[in-house]
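**Q** One structure follows; several queries about it will come next.
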């Protein structure tokens, strides 16, 4: 097998890689955008290292290495990660003093299950909800104490950033965000032909105490509940359920065929809530730590 390093700054090579991944099934911890210009932009902005494997002069596999320096983690995405230890030039590129991880979906039928160099760490469930199966949780919150507010980028960007960082501080693989990071993600989703919908719960002091961030894909009519959370002192009062219900109703009103989300397999409380709403598991994402 021939292996070569992709030149991130070479538009032709990026296009060559894009043509390959745009024709294969969704896999790993995230999906690739179908828009070439966004694809190219994400390759450059994330400062990725990418190796391509060839068979008979055609790409048959790739290894995408992303350094998350803030949390000393390296993520590797590949169509077939089991082959990575065949290539010294790739292994020598990776800093194994960091946590080196890869995410693999059950639907990928991976070959690494018996490989001792891959240690399972976390599991996330992919869940989806059809409109006909939706059962709204009956949650009553005191609307005199909590007001729903649509996100205003001019006044709420820093508030949303702070709230998200607090809610996900101890979440596996979460990197603390700055306002410009949130803004970049909002703009990226918008450019990818998706509509952001961010709704917050505000207390009498005008503080964001809970939120739900979702988007609606204008092409396939599928919505996604991207993130939701509430401050610790405001939990167990139905705030999260209330705002999630509100977001789901909004997405269905826009014309969504189904809504998807990801949830930590160990978060039994959240999974129970989603199941009661009518969400069903359709796949799982397992994270593995690689050891040299």
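**Q** As a test, work out the antiparallel percent of DSSP beta bridges whose residues both lie in the chain, rounded to the nearest 5. The partial results should precede the final answer.
**A** Numbers: 59 of 65 bridges.
Just about 90 percent of them are antiparallel.
**Q** When a/c reaches 1.5 or more, the comparison of a/b and b/c decides; with that in mind, is region 128-286 rounded, prolate or oblate per its Cα gyration tensor?
**A** rounded
**Q** Remind me, what semi-axes does the chain give for its equivalent ellipsoid, largest first in whole Å, using sqrt of 5 times each Cα gyration tensor eigenvalue?
**A** After diagonalising the Cα gyration tensor, the semi-axes are 36, 20, 19 Å.
**Q** Here is a follow-up. Which order do 172, 27 fall in if you start with the one that has the fewest other Cβ atoms within 10 Å? It would help to have the intermediate numbers written out before the result.
**A** Working: 172 14, 27 21.
Least crowded to most crowded, the residues run 172, 27.
**Q** Helix-derived [θ] at 222 nm for the chain: sum -39500 (n - 2.57) over DSSP H runs of at least 4, divide by residue count, nearest 500?
**A** Mean residue ellipticity, 222 nm, calculated: -8500 deg cm²/dmol.
**Q** Going by how many other Cβ atoms sit within 10 Å of their own, how do 161, 291, 123 line up, fewest first?
**A** Placing the least packed residue first, the sequence is 291, 123, 161.
**Q** Can you give the relative contact order of the chain as a percent, counting alpha carbon pairs under 8 Å and 6+ residues apart?
**A** Worked out over the chain, it gives 24 percent.
**Q** Can you pull the three principal axis extents for the Cα set of region 230-292, in Å, largest first?
**A** Principal-axis extents of the Cα atoms in region 230-292, largest first: 49, 35, 18 Å.
**Q** Round to the nearest 0.05 the FRET efficiency obtained for residue 115 and residue 170 when R0 = 25 Å and r is the Cβ-Cβ distance.
**A** Here the calculated transfer efficiency is 0.30.
**Q** In whole angstrom, note down how far apart the Cα centers of region 18-61 and region 181-241 are.
**A** Centre-to-centre distance over Cα atoms comes out at 28 Å.
**Q** Based only on other Cβ atoms within 10 Å, what is the fewest-to-most ordering of 104, 222? Intermediate values should be presented prior to the final figure.
**A** Numbers: 104 26, 222 17.
Ordered from fewest to most neighbouring Cβ atoms within 10 Å, 104, 222 come out as 222, 104.
**Q** Calculate how many DSSP beta bridges within region 2-115 are antiparallel, expressed in % of all such bridges and rounded to the nearest 5.
**A** 85
**Q** Here's something else I'd like to know. Apply the a/c threshold of 1.5 to the C-alpha gyration tensor of region 92-168 and tell me whether it is rounded, prolate or oblate.
**A** Cα axes put region 92-168 in the oblate bin.
**Q** So, one more: With contacts defined as alpha carbon pairs under 8 Å and 6 or more residues apart, what's the relative contact order of region 2-115 in percent?
**A** Worked out over region 2-115, it gives 24 percent.
**Q** Using label points projected 7 Å from each Cα along Cα→Cβ, tell me how many nm separate residue 269 and residue 289, to one decimal.
**A** 2.6
**Q** Contour minus end-to-end for residue 31 and residue 67, with contour as 0.36 nm per residue of separation and end-to-end as the Cα-Cα distance? Intermediate results must be reported in sequence, preceding the final value.
**A** Working: separation 36, 0.36 × 36 = 12.96 nm, distance 1.80 nm.
Extra length available between residue 31 and residue 67 comes to 11.2 nm.
**Q** Rounding to the nearest 10 and keeping the result within 0 to 90°, find how far the Cα-based axis of helix 36-45 lies from the longest principal axis of the chain.
**A** The angle comes out near 80 degrees.
**Q** Work out, step by step, the length gained on full extension between residue 152 and residue 23: first 0.36 nm times the residue separation, then minus their alpha carbon distance; give nm to one decimal.
**A** Result for the pair: 42.7 nm of gain on full extension.
**Q** Let me ask something else about it. Tell me, what is a quarter of the convex hull surface for the C-alpha atoms of region 2-115, in nm² with one decimal?
**A** Result: 7.5 nm².
**Q** Set the Förster radius R0 to 25 Å, insert the Cβ-Cβ distance between residue 206 and residue 183 as r into 1/(1 + (r/R0)^6), and round the FRET efficiency to 0.05.
**A** After rounding, the FRET efficiency stands at 0.75.
Only the coordinates and a few stated rules stand behind these numbers; no lab work does. All values derive from a computational prediction rather than experimental measurement. Heads up, the Cβs are rebuilt from the backbone with ideal geometry, glycines too, and the neighbour counts pull from every protein chain shown.
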